[in-house]
Amino acid sequence: MTTKIFPANTSRHVEFSPGKDPFEKARRKGSRRWILKHIFHGSNKLLFIIVLFTTIITSNLSSIIMVIIGNAISDFLIGNYSTLSFYTAIILLLSVGTPIMRLANYMLREVIAQRMERDCRREFYTNLLGKSQSFHEQQKIGDLMARVTDDVRMLNFLISPALSLIFESFTSLIVPLIYIIIFYPPQLILAPLLFSVLFLFLLRSYVRKLGPITGRLRGSFGMMNATLNETLTGIEVVKATVQEAKEIEKYYSKAKWYRDAYIDQGRVQAKYLPILVLSIVITFGFAHAIILNFLNLMSIGEIIAYYGLIVQLRFPTFISIFVFAIIRLAITSSERLLELMNRETEIDENIKGFTRVIKGEIQFENVSFTYPESKKPILKNITFKVQPGQTVALVGTTGSGKSTLTKLISRLYDVNEGKILIDNLDIREYALESLRSQISFIEQDIFLFSDTIFNNISFGRTSSMDEIIQVANEAQANDFISQFSNQYQSDVGERGVQLSGGERQRIAIARAFLSDPKILILDDSTSAIDSNTEDKIQRAIRNILKDRTTILITHRLSQIRWADLIIVLKKGEISAMGTHEDLLKSSEEYQKIFIKKFDIDINKLINQKEVS
């Protein structure tokens, strides 16, 4: 079955995309544009406008209360008691209404913050899934985990409380100045206006000093996480080699960098001058108001109201100490996220490429390949052809390029030179999902998810219990699975730790059987299976591999002998090709492999009918 032919999709270089990405353009324009895009995405825009509007109102209400209190005191001092009931009612109403409006403001900003964290985490996770194999091989898992958890979390804090408090601080700085100008002698604006200018100047210097420190904070946190992850992942090796003390020392050194960065941040915050300047300004402003009172230009009530307004400047002053630190951390975190998300991947999913059921013909034409970040070619001028349904065995010493060659077939990497054809079509012309869904790969180092046996076998597919049991039987896995108390619903643990190596491999083989691939790649997949079990699996494999192209990487002669074609690799090049009998007679490299393995004279090996 074939579909329409489309040209390759080169608009986006990702191996996987969930569809329309509303943040893609914003990511290319930098962290600030990306953050703004998230803030104003969808209904967030309306919520954010409401937050800004209520913040302005609450700041005005807080200042109005000060003016009314001052008027009430003035009327009381001159004996005008008739207005006190009115002022009391107004003050009570505002004192109740202001916190209620502020509470609604906090709730809405928290909704925006949680949405932003949700969307950013989903975006980052999806982006990681769309990266190529070479990208992931260059990343430290611990650092990735730090970015997807802690760095994304910082974007939540950017909205609530940071940006919300910044705007609230701005209104708390401007609104009192406006009320002072409107209701009191204009010369009183001198002290708070002077403070506002000095505050903005000192704040700018403070934020600049924080910038490099926040970068160190986030970077050292990522390295600390990476060290922790690496140690726990390799805990078996650590304990077996008695290296606990060394690992503690290594982790401590990374934690020390993190601690030192926090200490440096504390030093910058300890030298925060606006607090000192504010104290001087409040004293100067209060003294100025008393002088005006002596000159009969202000009443006692107006002095109290003025003092209440100028004291409101404490909120933006004190809050800015930690709020701008959060903003700097959040910006640094966003830059760390974008650093990875904007990194181009070499392989494109090619959504509009060919989608069809393949027959399994594989052809390499002068293929050469070098891993990214490496200058040494792994494969050089590889050329061969496999007919549909044939079984090909790849043999060679360690480092000869066997596993790399198989990874090129499913486009885990793209070739540097030459091309790979499947059914006479360059694999780069296929839709990536269509290509990979018809290729099954079983490696020696089996990865199982921390889930049940049933879900590991049926991974990515909807299957019935009968189907799972059938493929488990074919993979010789049903016997040991039946011995578990929960059988197929038993949890295998992290990376399948509850199972032995052979059991993990049989689960992986059952999973491959279920996928019914057109091309099956077995990379030493029976290395952890005893000979008796292997014989049973080999019979099952022979049955299921009928009319299926198979690539074998193995040193087991019992598997190599029944291959239709054997390819001998040496230092990334094809040394020889042919059948087992032909290569034993003609290939010196092939002879060396088996003489070394079986410690037997080559003539005896040639004449021997069965060696296992």
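Rule-based calculations on the coordinates, nothing more; no lab input. All of these numbers come straight from a predicted model, not from anything done at the bench. Backbone-built Cβ (ideal geometry, glycine too); neighbour counts: all protein chains shown.
Take the residue pairs 209/250; 376/592; 380/402; 380/592; 376/570 and return only those whose Cα atoms are more than 18 Å apart.
Beyond 18 Å: 209/250; 376/592; 380/592.
Pop out the Kirkwood hydrodynamic radius of region 439-516 from its pairwise C-alpha distances, inverse of mean 1/r, in Å to one decimal.
That comes to 12.1 Å for region 439-516.
Once Lys and Arg get +1 and Asp and Glu get -1 on their Cβ, which of 478, 551, 142 lies farthest toward the positive end of the dipole of the chain?
The listed residue farthest towards the positive side: 142.
Give me the net charge for the shell around residue 579: Cβ to Cβ below 14 angstrom, other residues only, Lys and Arg +1, Asp and Glu -1.
-1
Test of the criteria: in region 130-208, which trypsin sites (Lys or Arg not before Pro) are in a DSSP loop and have at most 12 other Cβ atoms within 10 angstrom of their Cβ?
Hits after loop and neighbour filter: nothing returned.
For region 97-112, what does the Karplus curve 6.51 cos²θ - 1.76 cosθ + 1.60, with θ = phi - 60°, yield as ³J(HN,Hα) per residue in whole Hz, taken in order and with x for Gly and Pro?
3J(HN,Hα) across region 97-112, in whole Hz: x, 4, x, 5, 5, 5, 4, 4, 4, 5, 5, 5, 5, 5, 4, 4.
By the gyration tensor of its Cα atoms, with a ≥ b ≥ c the square roots of the eigenvalues, what is the shape of region 319-417: rounded for a/c under 1.5, prolate for a/b over b/c, or oblate?
Since a/c reaches 1.5 and a/b is larger than b/c, the shape of region 319-417 is classed as prolate.
What do you get for the angle between helix 44-77 and the principal long axis of the chain? Use alpha-carbon atoms, 0 to 90 degrees, nearest ten.
Tilt of helix 44-77: around 20 degrees.
Taking amide hydrogens as modeled 1.01 Å from N in the peptide plane, which residues meet the under 5 Å criterion relative to residue 575, leaving out close sequence neighbours?
Placed amide hydrogens put 568, 569, 570 under 5 Å from residue 575.
Please name whichever of 79, 58, 579 sits farthest to the positive end of the charge dipole of the chain, dipole taken about the Cα centre and charges placed at Cβ: Lys and Arg +1, Asp and Glu -1.
79
Using the Cβ atoms and a cut-off under 11 Å, what net charge is assigned to the surroundings of residue 372, where Lys and Arg are +1 and Asp and Glu are -1?
My count for the surroundings of residue 372 gives -3.
Percent of Cα-Cα pairs per 20 Å bin, from 0 to the last occupied bin, for region 24-341, please list those.
26, 45, 22, 6, 0
With angles folded into 0 to 90 degrees, how steeply does helix 244-270 sit against the dominant principal axis of the chain? Use alpha carbons for both and round to 10.
In the chain, helix 244-270 runs at an angle near 30 degrees to the longest axis.
Among residues other than residue 487 whose Cβ falls under 14 Å from its Cβ, what is the net charge (Lys/Arg +1, Asp/Glu -1)?
-4
Let me spell out the model: positive unit charges on the Cβ of Lys and Arg, negative unit charges on the Cβ of Asp and Glu, origin at the Cα centre of region 439-516. What dipole size does that give, in debye rounded to 20?
Approximately 60 debye in magnitude.
Above 31 angstrom, tally the Cα pairs of the chain and express them as a % of all pairs, no decimals.
66 percent
Residues with amide H under 5 Å of residue 358's amide H, sequence separation 5 or more or different chain, H placed in the peptide plane at 1.01 Å from N; which?
So residue 358 has HN proximity to no qualifying residue.
Quick one: angle between helix 314-341 and the longest Cα principal axis of the chain, in degrees between 0 and 90, rounded to 10, please.
20 degrees
With charges set only on the Cβ (+1 for Lys and Arg, -1 for Asp and Glu), what does the dipole of the chain come to about its Cα centre, in debye to the nearest 20?
About 1500 debye.
In region 220-273, what trypsin sites (Lys or Arg not before Pro) fall in a loop by DSSP, with at most 13 other Cβ atoms inside 10 Å?
271
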